[in-house]
Amino acid sequence: MGIVEEECDESLYWLEMPTELSLVEARRLKDLRDEGNEILSIIVASIRTARRNAKQPGGSGE
């Protein structure tokens, strides 16, 4: 799951580049960046849940 988080974060970084380099207007990539941030939030929440469940007595970390 950590790799998924890193890859999503990197994808968001590359979505910012065209705007930072003035190649594309920010509004044109806004929907993609918003969706990427939503996906990243879901991934982070999943990682936290998995860690919390692994710490519980009898938790198998699955």
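Within the range 9-26, residues that are within 26 Å of Ile42 (Cβ to Cβ) have Cβ atoms under 9 Å from residues that are polar (S, T, N, Q) in these pairs: Leu12/Asn37; Ala26/Thr19, counting only partners at least 6 apart in sequence or on another chain. Against the numbered list (1) of a type in the set (Val, Ile, Thr); (2) surrounded by 10 or more Cβ atoms within 10 Å (Cβ to Cβ); (3) assigned to a helix (DSSP H, G or I), Ile3 comes up short only at (2). Hey, any hits in the range 22-35 for a residue that's in a helix (DSSP H, G or I) and among the hydroxyl-bearing types (Ser, Thr, Tyr)? The answer is no, given that none of the residues of the range 22-35 is in a helix (DSSP H, G or I) and among the hydroxyl-bearing types (Ser, Thr, Tyr).
Flag: Ser41 matches the condition of being of a type outside the set (Lys, Arg) and part of a helix (DSSP H, G or I). Residues that are of a type in the set (S, T, N, Q) and either out of contact with any helix residue (DSSP H, G or I) (no Cβ under 7 Å at 6 or more places or on another chain) or exposed (fewer than 10 other Cβ atoms within 10 Å of the Cβ) (or both) within the range 6-36 comprise just one, Ser22. Is there a residue in the range 33-43 that is at pLDDT 95 or above, over 19 Å from the mean Cα position of the chain (by Cα) and among the charged types (D, E, K, R)? Scanning the range 33-43 turns up no residue that is at pLDDT 95 or above, over 19 Å from the mean Cα position of the chain (by Cα) and among the charged types (D, E, K, R). Criterion first (of a type in the set (Val, Ile, Thr) and either surrounded by fewer than 12 Cβ atoms within 10 Å (Cβ to Cβ) or touching a residue at least 40 places away in the same chain (Cβ under 8 Å) (or both)) does Ile43 satisfy it? In short, yes.
The values are calculated or read from the model by the stated rules, or taken from the named source; none is laboratory data. Computed from a predicted structure; not experimentally measured. For neighbour counting, all protein chains shown are included, and Cβ atoms are generated from backbone atoms with ideal geometry for every residue, glycine included.
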